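The values are calculated or read from the model by the stated rules, or taken from the named source; none is laboratory data. What you see is a predicted model, and the numbers here were worked out from it, not measured in a lab. Here the Cβ is made from the backbone with ideal geometry for all residues, glycine too, and neighbour counts use every protein chain on show. Side chains are part of the model used for accessible areas, which takes the heavy atoms of the whole protein and leaves out ligands, DNA and RNA. Shrake-Rupley method; radii C 1.70, N 1.55, O 1.52, S 1.80 Å.
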Amino acid sequence: MAQPDYIIIEAEEDGVHVIGLTRGTDTKFHHSEKLDAGEVMIAQFTEHTSAMKIRGKATIHSAHGVVQSKK
């Protein structure tokens, strides 16, 4: 079985929100975490999680490269 993709989220400010979205015909929020400056979260895409929304200033590392969110 192939390992699902994962991302690393590093908060650059207090109050960064990481929100998991479900798979299926109706996309819904199913999980939320709040990170403060310097905190790191490792998140994995699963059979239930198809997307993640990151709100706040953060650096996101994935197999596809590094992206910075701006707000």
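Some notes on this structure:
- Checking each residue in the stretch 30-67 for being over 12 Å from the mean Cα position of the chain (by Cα) and free of Cβ contacts under 8 Å to residues at least 24 places away in the same chain picks out His30, His64, Gly65, Val66.
- Candidate set from the stretch 1-12 (those that are assigned to a loop (DSSP other than H, G, I, E, B) and touching a strand residue (DSSP E or B) at 6+ places or on another chain (Cβ under 8 Å)); member that is modelled with the lowest pLDDT: Pro4
- Subset of the stretch 11-49 that is of a type in the set (Gly, Ala, Ser) and out of contact with any Leu (no Cβ under 6 Å at 6 or more places or on another chain) - its residue that is farthest from Lys70 (Cα to Cα): Gly24
- Residues that are basic (Lys, Arg) and surrounded by 14 or more Cβ atoms within 10 Å (Cβ to Cβ), drawn from the stretch 44-71: Arg55, Lys57
- Considering the stretch 15-53, the residues that are outside any strand (DSSP E or B) and touching an Asp or Glu at 6+ places or on another chain (Cβ under 6 Å) include one that is nearest to Ala63 (Cα to Cα), namely Phe45.
- Residue within the stretch 25-43 that is modelled with pLDDT under 85, open to solvent by less than 60 Å² (accessible area, probe 1.4 Å) and not aromatic (Phe, Trp, Tyr) present: no
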